[in-house]
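Below: one structure, written as structure tokens.
The values are calculated or read from the model by the stated rules, or taken from the named source; none is laboratory data. This is a predicted model, so every value here is computed, not measured. Heads up, the Cβs are rebuilt from the backbone with ideal geometry, glycines too, and the neighbour counts pull from every protein chain shown. Note: areas computed on protein heavy atoms with side chains; ligands, DNA, RNA excluded. Shrake-Rupley method; radii C 1.70, N 1.55, O 1.52, S 1.80 Å.
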Amino acid sequence: MRARWLGTWLPEGYTTSWYQAAWKEFQLGSVLWVTLEVVAPWCLLSILIGVPAAYVLARRDFAAKKLVVLLFLLPLIIPPIHLRQFRSATVMYQAHLAGTLAA
């Protein structure tokens, strides 16, 4: 029997059946597996690029070192909120809503 949770702020009792139902209904096992298949190679690639790059940047001096350090730090310097604002502004311009109340 499936419990219902309607009309109240909290369920009558806490149980894991909600998690089990969500796991089955949304096929979370396959979703997590695909996520791991995508994430694992990118993590490996990041390690293969990041560790030697960090070593070179820490131990060596070369002409474009300041530029390379800036490129590595740029995602930290520009907060993600600004990037979202640029994306939403682009969408508003494409939808011809820029400068309107709807935007």
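Scanning region 68-88 finds one or more residues that are of a type in the set (Ser, Thr, Tyr) and within 20 Å of the chain's Cα centre (by Cα).
Is it true that some residue in region 36-48 is at pLDDT below 90, assigned to a helix (DSSP H, G or I) and surrounded by 10 or more Cβ atoms within 10 Å (Cβ to Cβ)? For region 36-48, residues at pLDDT below 90, assigned to a helix (DSSP H, G or I) and surrounded by 10 or more Cβ atoms within 10 Å (Cβ to Cβ): absent.
Suppose we filter region 1-21 for residues that are modelled with pLDDT of 80 or more and surrounded by 10 or more Cβ atoms within 10 Å (Cβ to Cβ); how many remain? Break it down stepwise before answering.
Of the residues in region 1-21, the ones modelled with pLDDT of 80 or more are 16-17, 19-21.
The next check asks that each one be surrounded by 10 or more Cβ atoms within 10 Å (Cβ to Cβ); those that pass are 17, 19-21.
Of the residues in that region, 4 qualify.
When region 50-66 is filtered for residues that are in a helix (DSSP H, G or I) and open to solvent by less than 100 Å² (accessible area, probe 1.4 Å), the ones remaining, listed by number, are 50, 51, 52, 53, 54, 56, 57, 58, 65. Per the conditions (1) open to solvent by 100 Å² or more (accessible area, probe 1.4 Å); (2) at positive phi, the sole criterion not satisfied by residue 72 is (2).
For region 8-35, the set of residues classified as of a type in the set (Val, Ile, Thr), free of Cβ contacts under 8 Å to residues at least 12 places away in the same chain and not in a helix (DSSP H, G or I) consists of 8, 16, listed by residue number.
Residues in region 71-103 that are at pLDDT below 80 and assigned to a loop (DSSP other than H, G, I, E, B): 78, 79, 97, 98, 99, 100, 101, 102, 103.
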